[in-house]
Amino acid sequence: MEWMNDPEIRHLTLREELPLNRSKGEEFFEKINKDMIFFGICLNDGKSIGALNLMLQLKNATLGITIGDKAQRNKGYGTEATKIALDYCFNTLNLHRVGLWVFEFNEKAIHCYEKLGFKKEGISREAVYKNGGYCNIVNMGILKDEWHRD
Ligand SMILES: CC(C)(COP(=O)(O)OP(=O)(O)OC[C@H]1O[C@@H](n2cnc3c(N)ncnc32)[C@H](O)[C@@H]1OP(=O)(O)O)[C@@H](O)C(=O)NCCC(=O)NCCS
C-alpha cells in the first residue's frame, strides 16, 4: 500500500486516479487469482524491496514491476527480477509472449527492458493525462523465440 500510494511510483506506473485506501487495496489483492501472479522481490536476507506481477491471458503475460524501496534501485535488482520472471514465463509456463506498457518518459525502465530483449512495438499517443499533460505509452514485447537463457 505504501509503495502503491507513493507519489513518484504513482507517476511512473499506470495507477487509478485516486490513491488506494485500505479497502481498495484489499480489493486489489483479492483480485489476485489464477490470471494474475504476484511476486514479492526480496533480498537474500528476506527484506522485501519490490513487487512484480504477471497478468496471464491466452499464452501472453503482461508484466508490471516496481522496486518500491528507492535505496535499492539502480543495483541491478529490477533487471534481475524481470529476467527471472521471463525465464519463468517462457520455460515454466511456456508462454508465447510477454508484453508491458511503459511511459515514454521512463527512460530507465525502457533501457532495462530493451537490455533484456523487449522490443518497442508501438506507441499509444497521449494515452494518459498526468501532471498537467498527456503522456505517450510505449507498448513493448518479447516473444519466446527471442528469449535466450544465459
Ligand atoms: C524501472 C525499475 C524497475 C528498474 O529497476 P532497477 O533495479 O532500478 O534497475 P537496474 O539497476 O536493474 O538497471 C538500471 C539500468 O538503467 C540505467 N539507467 C539508470 N538511469 C537511467 C536513465 N535515466 N535513463 C536511461 N537508463 C538509465 C542504468 O545504467 C542501468 O543500466 P545498465 O545495467 O545497462 O548500466 C525501477 O527503477 C523502478 O521500480 N522504478 C520505479 C517504478 C517503475 O518505473 N516501474 C516500471 C514501470 S513500467
>> Given the condition modelled with pLDDT under 95 and more than 21 Å from THR79 (Cα to Cα), answer yes or no: does some residue in the stretch 34-53 qualify?
In response: yes
>> Considering only the stretch 81-94, I want to know if a residue exists there that is of a type in the set (Phe, Trp, Tyr) and either within 11 Å of the ligand (Cβ to nearest atom) or within 18 Å of THR13 (Cβ to Cβ) (or both).
In response: no
> Restricting to the stretch 97-115, what's the tally of residues that are open to solvent by 20 Å² or more (accessible area, probe 1.4 Å) and either more than 6 Å from the ligand (Cβ to nearest atom) or modelled with pLDDT under 95 (or both)?
Replying inline: 6
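Each row is one residue, and each column tells you yes or no for (1) under 30 Å from ASN94 (Cβ atoms); (2) in contact with a Lys or Arg (Cβ under 6 Å, 6 or more places away or on another chain); (3) away from the ligand (no atom under 13 Å from the Cβ).
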{"site": "THR13", "(1), (2), (3)": "yes, no, no"}
{"site": "ASN21", "(1), (2), (3)": "no, no, yes"}
{"site": "LYS24", "(1), (2), (3)": "no, no, yes"}
{"site": "PHE28", "(1), (2), (3)": "yes, no, yes"}
{"site": "ASN33", "(1), (2), (3)": "yes, no, yes"}
{"site": "PHE38", "(1), (2), (3)": "yes, no, yes"}
{"site": "LYS47", "(1), (2), (3)": "no, no, yes"}
{"site": "LEU54", "(1), (2), (3)": "yes, no, yes"}
{"site": "LEU58", "(1), (2), (3)": "yes, no, yes"}
> Tally time: how many residues in the stretch 115-141 are over 14 Å from the mean Cα position of the chain (by Cα) and in contact (Cβ under 8 Å) with a residue 24 or more places away in the chain?
Replying inline: 8
> Quick check: anything in the stretch 133-148 modelled with pLDDT under 95 and touching a helix residue (DSSP H, G or I) at 6+ places or on another chain (Cβ under 6 Å)?
Replying inline: yes
>> Name the residue that is surrounded by the most Cβ atoms within 10 Å (Cβ to Cβ), counting only residues in the stretch 5-50 that are over 19 Å from ALA85 (Cβ atoms) and of a type in the set (S, T, N, Q).
In response: ASN5
>> For the stretch 58-78, give me each residue that is within 23 Å of SER48 (Cα to Cα) and surrounded by 15 or more Cβ atoms within 10 Å (Cβ to Cβ).
In response: THR62, LEU63, GLY64, ILE65, THR66, ILE67, GLY68, ASP69, GLN72, ARG73, TYR77, GLY78
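The values are calculated or read from the model by the stated rules, or taken from the named source; none is laboratory data. Predicted model, so just to flag it, every value in this text is computed and none were measured. So basically every Cβ, Gly included, is an ideal-geometry build from the backbone, and we count neighbours across all protein chains shown. Surface accessibility is based on the protein's heavy atoms, side chains included, excluding ligands, DNA and RNA. Shrake-Rupley method; radii C 1.70, N 1.55, O 1.52, S 1.80 Å.
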